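Novice: Have a look at the structure that comes next, please.
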Amino acid sequence: MEREGRGAFTSALLTLLKRDGIDKLTYTDVITRLPDLPLQNPQCEGVNQHRILFGSKVHNRRLTLYRIQKTSKKQNECFLQAGNAHGVTKGAMFTVYRDKMITAPLGTATVLDAGPFTSSCLATGSISWPRQPAYAVQTCVGAEHDLRLSIEPNGAFRSLIDRIREEMLSKTRQQSFRIVNVERGHPEIVLRTEGDLVQFEIKDSTCCNHGLTHMPFYDVRADDTDSLFSILCGAADFYWYLRQSKKNKSLTRKVQVECLELGRSGRLTDDLEDMFIPQGGGKNLINHNKVIVTIDRDTNNLQSYGFKINNKSTDPLYAALFYFDASDLSIVPYYLPPTAAKDQVDFSLPANRSLTIGFGDSGWPARTYYLRENQSVDVGFLILYVSTKYVDYSGIVQNTPFHRHRAGFFPSKSKELWDALVIPIIQRKGTVHRSSGAGAVECSTQARAHDEAFRVSCKP
């Protein structure tokens, strides 16, 4: 369908770019902000869908909008299209806006009850609801978000403790903390000092059982309250998602995850990256719900890994796969489903089918693992989310609050490539036929490649 000589999609896209600017939009923003296009359902997929258009900048924390609308029962009751799967719990608060531009707030809403994908809310005051669904932005976390934290009795932490108390008393708190006794309160993180510097102790049982007891960062000062508070905020998100992922197990029983060693195929992807294929007979490295990766410090040949998710049910499913790095608190997306307007996204896992990640034409990179200079062991968690309804899990992603890039893999180096297309022109003696006809030339060219825990150990 065309308008004024242009396709409907092209016209809508140009209008959006002129209005919002290409330096502020991600590829996902484009898809979600396009108007309804009859007979069209544009989608965006791949590892770079949350990057700024035509650039390499990535939004670390995106402002997530959820649709919200008044119910027909009572004036103040409303229905939020987000639930536990989105990280929404009872008591969470939202600011309500008329449209996606979020320019003028209409009021606030508090979650009364959160289901898997939707929540019932109570609006504060009298909201003039638009005919179309409005949009809500979360402004205060709900129940169960507490990071259990133990802080060594030390005058150097006084400013940090005051900052935590101030946050907990705020009506728009973005994080929730509970300071507990180190022996009886089952803390998730313990802060201690060695001289003027802070040590971050890890108390997760899986990490401790495999030898990871401290985060490998020893340059944060005890009086650097801003840095410490930022790290604790990252830890609060990290451990909340980790806790939530261990609750529900009904759907994941129908799904099998495989971790595979990969080798280069000798071909390149459309993005000129190495294309990988499984090696070692395609053996699944997940054994007893964990993968052990042995790293030899004497070699620079890092092994690449990929993943395969098998849907063994008769129901199509959506999937998202993340790596939670317990050492630096980063959460890295290994796979996210595409983005489409009104969440009309194709299923990641059709019934009785599989999804490959990191090899073939998956569009997502292979992964390699390594140890930091001051580590002999590291632990991370591979977490798979599956659902029967589309959920935008991209808000889970976070960079390390320690301001160091790691993300569970080495960033790929830019490739310097040279190639030539050779078309032979064969010239030989013979009789020339003047009548019209067709000849043939040959052309030759060469193309070029939940509950699971990762333990990385070093060869002796």
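Novice: Do we have Asn289 as under 23 Å from the mean Cα position of the chain (by Cα) and either open to solvent by less than 10 Å² (accessible area, probe 1.4 Å) or under 25 Å from Asp237 (Cβ atoms) (or both) here?
Specialist: Numbers: under 23 Å from the mean Cα position of the chain (by Cα): yes; either open to solvent by less than 10 Å² (accessible area, probe 1.4 Å) or under 25 Å from Asp237 (Cβ atoms) (or both): yes.
Yes, satisfied.
Novice: Another question about this same structure. Mind checking which residues of the stretch 369-394 are buried (at least 20 other Cβ atoms within 10 Å of the Cβ) and of a type in the set (A, V, I, L, M, F, W, C)?
Specialist: Val379, Phe381, Leu382, Ile383, Leu384, Val386, Val391, listed by residue number.
Novice: Turning to a different aspect of this structure: Among what's in the stretch 203-251 and is in a loop (DSSP other than H, G, I, E, B) and among the hydroxyl-bearing types (Ser, Thr, Tyr), pick the residue that is nearest to the chain's Cα centre (by Cα). Can you show your working first?
Specialist: The initial filter retains those residues of the stretch 203-251 that are in a loop (DSSP other than H, G, I, E, B), namely 203-204, 210-213, 215-220, 222-224, 246-251.
Narrowing further to those that are among the hydroxyl-bearing types (Ser, Thr, Tyr): 213, 218, 250.
Numbers: Thr213: 26, Tyr218: 27, Ser250: 22 Å.
Filtering first and then ranking leaves Ser250.
Novice: Can I ask one more? From the set of residues in the stretch 365-380 that are of a type outside the set (S, T, N, Q) and out of contact with any Ser or Thr (no Cβ under 9 Å at 6 or more places or on another chain), which is farthest from Tyr218 (Cα to Cα)?
Specialist: Looking only at the stretch 365-380, we keep the residues that are of a type outside the set (S, T, N, Q), and these are 365-367, 369-373, 377-380.
Restricting the remaining residues to those that are out of contact with any Ser or Thr (no Cβ under 9 Å at 6 or more places or on another chain) gives 369-370, 373.
Details: Tyr369: 22, Tyr370: 19, Glu373: 13 Å.
Only one residue fits best here, namely Tyr369.
Novice: Got at least one residue in the stretch 334-350 being touching a helix residue (DSSP H, G or I) at 6+ places or on another chain (Cβ under 7 Å) and either modelled with pLDDT of 95 or more or part of a loop (DSSP other than H, G, I, E, B) (or both)?
Specialist: First pass over the stretch 334-350, keeping only residues touching a helix residue (DSSP H, G or I) at 6+ places or on another chain (Cβ under 7 Å): 336, 339-341.
Filter once more, so that each one left must be either modelled with pLDDT of 95 or more or part of a loop (DSSP other than H, G, I, E, B) (or both): 336.
Taking every residue of the stretch 334-350 in turn, at least one turns out to be touching a helix residue (DSSP H, G or I) at 6+ places or on another chain (Cβ under 7 Å) and either modelled with pLDDT of 95 or more or part of a loop (DSSP other than H, G, I, E, B) (or both).
Novice: Find the strands (runs of 3 or more DSSP E) located wholly in the stretch 79-156 whose residues include 2 or more that are surrounded by fewer than 18 Cβ atoms within 10 Å (Cβ to Cβ), and list them.
Specialist: Correct list: 105-114, 119-124, 134-140.
Residue by residue, here is whether (1) surrounded by 14 or more Cβ atoms within 10 Å (Cβ to Cβ); (2) touching a Lys or Arg at 6+ places or on another chain (Cβ under 7 Å) holds:
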residue	(1), (2)
Gln256	yes, yes
Gln279	yes, no
Lys283	no, no
Lys308	yes, no
Thr314	no, no
Leu336	yes, no
Val345	yes, no
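The values are calculated or read from the model by the stated rules, or taken from the named source; none is laboratory data. Keep in mind that this is a model prediction, so the values were computed, not measured. Positions of Cβ are backbone-derived with ideal geometry, glycine not excepted, and every protein chain shown enters the neighbour counts. These accessible areas exclude ligands, DNA and RNA; they are computed on the full protein's heavy atoms, side chains included. Shrake-Rupley method; radii C 1.70, N 1.55, O 1.52, S 1.80 Å.
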